[in-house]
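The values are calculated or read from the model by the stated rules, or taken from the named source; none is laboratory data. None of the values given here were measured: they were computed from a predicted structure. As a convention, Cβ positions derive from the backbone with ideal geometry for all residues, glycine included, and neighbour counts pool all protein chains shown. Surface areas here come from the heavy atoms of the whole protein model, side chains and all, with no ligands, DNA or RNA. Shrake-Rupley method; radii C 1.70, N 1.55, O 1.52, S 1.80 Å.
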Amino acid sequence: LQSISSSTSVGSALDDEVALRPTGHAAPFVQNKLRLYDSTEFTADNPPKLTIYRDHAGWCPYCQKLMLFAEEKGVPVNIELVPMRSYGDKPTSFTRMVPSGLLPALIVERDDGKKQVITESQVIMELLDAWHPPSEGYKAMLPDSNDKAGNARYDRLARLERDLFSWWCTLIFRPEGPRLGGGGGGGLMGMLSGKGSGGDDNEMSGSMKGFLECLDQVDAELTSTSGPWFFDNADHPTM
């Protein structure tokens, strides 16, 4: 089967991608272990001093956010894959460095050989942005430090992101509402959508209502700019 697949144009292209992955110059892929982009400073034999630990399944939203940031900015990094708790225990080699087991994590290898561990996706992204400035050819992902209005907007959007994730978790894992398990014919979907069996539109669960209201806030922030991004000061997605 592999031989037959490789004889096709798609299969041949996939084989080329697999061969490129160890070099750090392949296309984005959840199981990449090295990303070098256009770097001339690093190679597979001289890898970066930064290593991102992320989930191996690509399901962790904070890991994915960090990887999207690295891809857009083009930060050369090593990548190590660690299972989420739902997939089993994390390896001791990781928990020795990160006792909390939190993902994502950034390991910085210093010149003296010691390693610094940094957790929390937002903190990691802010540091990577500061360490890779536009003066060195990297995209700016945050407002300039002197832009008070821009930084105030960034702080507000960061809080909104946390609110959106919180409401999403509430909706998925705690979708309680007045019709759940009670009398009447709305059932779970009626409770979530606000449509009961009798056509009553006033039965929407608190979790769904909160989630939709938060989405309205996100939509309002997006429509407040002239382009498709949350900031007007760049022609690319930012933090």
Which residue fluctuates the most in the chain, going by a Gaussian network model with Cα springs under 10 Å, if the choices are Asp219, Asp111, Asp155?
Asp111
Distance in nm between pseudo-label sites at Glu80 and Cys169 (7 Å out along the Cβ direction from Cα)
2.5
Lone Cys, the chain, Cβ cut-off 4.7 Å -> Cys169, Cys214
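Tell me, in nm to one decimal, what length is gained between Trp59 and Ala27 on full extension, where the rule is 0.36 nm per residue of separation less the Cα-Cα distance?
Values: separation 32, 0.36 × 32 = 11.52 nm, distance 1.88 nm.
In short, 9.6 nm is gained.
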Spatial separation of Cα centroids for segment 3-37 and segment 63-85, in angstrom:
18
Of Lys33/Lys209; Lys49/Lys90; Lys33/Lys148; Lys90/Lys148; Lys33/Lys139; Lys115/Lys148, which ones are farther than 31 Å apart at the Cα?
Lys33/Lys209; Lys33/Lys148; Lys90/Lys148; Lys115/Lys148
Assuming 0.36 nm per residue, please report the length gained on full extension of the stretch Thr225 to Ser93 beyond their Cα-Cα distance.
43.0 nm
Taking the Cα atoms of segment 15-139, what is the range of coordinates along each of the three principal axes, in descending order and whole Å?
37, 37, 27
Of all the accessible heavy-atom surface of the chain, with the other protein chains kept in place and a 1.4 Å probe, what percent is carbon and sulfur?
55
Extension gain (nm, one decimal) between Asp235 and Asp16, 0.36 nm per residue minus Cα-Cα:
75.7 nm
Computed FRET value (nearest 0.05) for Arg110 with Gln2, which takes r as the C-beta separation and R₀ as 41 Å
0.45
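Taking loop as defined by DSSP and a crowding limit of 16 other beta carbons within 10 Å, which trypsin sites (Lys or Arg not before Pro) in segment 1-81 fit? Can you show the working numbers first?
Values: sites: Lys33, Arg35, Lys49, Arg54, Lys65, Lys73; in loops: Lys33, Lys49.
Taking segment 1-81 and a limit of 16 other Cβ atoms within 10 Å, the loop trypsin sites (Lys or Arg not before Pro) found are Lys33, Lys49.
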Give me the net charge for the shell around Asp55: Cβ to Cβ below 11 angstrom, other residues only, Lys and Arg +1, Asp and Glu -1.
+2
Give me the 1.4 Å probe accessible area per residue for segment 82-158, excluding ligands and nucleic acids, in Å².
60
